[in-house]
Amino acid sequence: DGRIDLVVSQNGAETKLYRNVGGEPGLKLTDVQSGQVRVKYKDGSYGPLREIRVGGGYWSQDRNTVIHFRSGAESVDVKHRSGKKYSLPVPAPQTLSK
């Protein structure tokens, strides 16, 4: 649902999932390789620069990248490690069930 949940595990104990039901939905980026992303707002300002890294080593697992932003987001600017740049439009807010 675009909210960041928390999974906690420990040797010899059961794994626990804490679902985030009160947070604002985010935007899941599924096709972004290693690089940087930054949210651009309609007033011309930008959010923080976020580094995305995929694939780390033996038995590593790529993660889904979910970014959160305040209202007024216009696009997500993406810069791949290769230097390729593009912008993704931010879709209209969705109503999600809790």
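The values are calculated or read from the model by the stated rules, or taken from the named source; none is laboratory data. Note that the structure is predicted; figures quoted are calculated from it, not measured. We place every Cβ from the backbone using ideal geometry, glycine too, and count neighbours over all the protein chains shown. Quick note on the areas: whole protein, heavy atoms, side chains included, nothing else; ligands and nucleic acids left out. Shrake-Rupley method; radii C 1.70, N 1.55, O 1.52, S 1.80 Å.
For the reader, a short list of remarks on this structure follows.
- When residue 1 is tested against the conditions (1) at pLDDT below 90; (2) touching a Ser or Thr at 6+ places or on another chain (Cβ under 6 Å), the lone failure is (2).
- Checked against (1) among the aromatic types (Phe, Trp, Tyr); (2) modelled with pLDDT under 90; (3) closer than 13 Å to residue 90 by Cβ, residue 41 passes all but condition (2).
- In the stretch 44-68, the qualifying residues are those that are under 18 Å from residue 85 (Cβ atoms), open to solvent by less than 60 Å² (accessible area, probe 1.4 Å) and assigned to a strand (DSSP E or B), and the one that is modelled with the lowest pLDDT is 65.
- Residue match in the stretch 20-35 (condition: of a type outside the set (Ser, Thr, Tyr), open to solvent by 50 Å² or more (accessible area, probe 1.4 Å), at pLDDT 75 or above and part of a loop (DSSP other than H, G, I, E, B)): yes
- Condition broken by residue 71, with the remaining ones in (1) of a type in the set (Gly, Ala, Ser); (2) at pLDDT 85 or above; (3) in a loop (DSSP other than H, G, I, E, B) satisfied: (2)
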